[in-house]
Amino acid sequence: LIRKTSPASQTPTPSPVSQELETFQSKLMKFSIEIPNNFQAEENLGAVTITSTKGKIYVDKNSTNFSELEGYLNDLSNKNKFVLDNRESLQINSLQVIRGILGAEKIYFIYAQNKVYTLSTEAHSLYDELDQIAQSFRYIP
């Protein structure tokens, strides 16, 4: 006797792409991002903390005299003796971007007009959301 069994019904977990989004804009830091509407963003002293039930994503900004991101990161790496693992270069909305893993942290470095923005989290459960948020990054001069 062969019995057909149907797979257990599962409630699908919404992917970050299927979540409703809202725009967060920082006039002080000159950027906007799209975040899931069940996340809270708080700006304090030139940094933004995005909080969800899974953890936190941080957005920071540093000014630089470097004219491109590669030189900035090489200098930062030499001074602070760190290695960015799984390093990948890409562009987001025509901006130079390098992402990778720094210790326990997934991090994006985004270069815009002598400013380097970092978007990062140590929460593995937020990696997909971090990717989504970083892809929505817009510099607002």
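The values are calculated or read from the model by the stated rules, or taken from the named source; none is laboratory data. Everything numeric in this text was worked out from a predicted model, so none of it was measured. Here the Cβ is made from the backbone with ideal geometry for all residues, glycine too, and neighbour counts use every protein chain on show. In case anyone asks, the SASA skips ligands and DNA or RNA and just uses the protein heavy atoms, side chains included. Shrake-Rupley method; radii C 1.70, N 1.55, O 1.52, S 1.80 Å.
For the chain, the longest principal axis of the C-alpha atoms and the axis of helix 69-80 are separated by about 90°. Counting only heavy atoms of the protein chains and using a 1.4 Å probe, PHE109 has close to 10 Å² of accessible surface. As a fraction of the 1.4 Å probe accessible area of the stretch 13-141, surface on carbon and sulfur atoms comes out at 46 percent. Working from label points 7 Å from Cα in the Cα-to-Cβ sense, the ASN80 to SER125 distance is 2.6 nm. Annotation for GLU42 and LYS115: the two label points, set 7 Å from Cα along the Cα-Cβ direction, are 2.2 nm apart. Applied to the stretch 42-52, the Karplus parametrisation 6.51 cos²θ - 1.76 cosθ + 1.60 on θ = phi - 60° returns per-residue 3J(HN,Hα) values of 10, 9, 8, 6, x, 9, 10, 10, 10, 10, 9 Hz, with x for Gly and Pro. What the phi angles of the stretch 128-133 give under the Karplus curve with 6.51, -1.76 and 1.60, with θ = phi - 60°, is a coupling list of 5, 5, 4, 4, 4, 5 Hz, glycine and proline written as x. ARG99 exposes around 50 Å² of accessible area when a 1.4 Å probe is run over every protein chain in place.
Restricting attention to the chain, lysine pairs at least eight places apart or on different chains and with alpha-carbon atoms under 14 angstrom apart total 5. The label-point distance for GLN135 and GLN25, in a model that sets each label 7 Å from Cα toward Cβ, rounds to 2.3 nm. Per residue, the chain exposes 62 Å² of solvent-accessible protein surface, assessed with a 1.4 angstrom probe and all protein chains in place.
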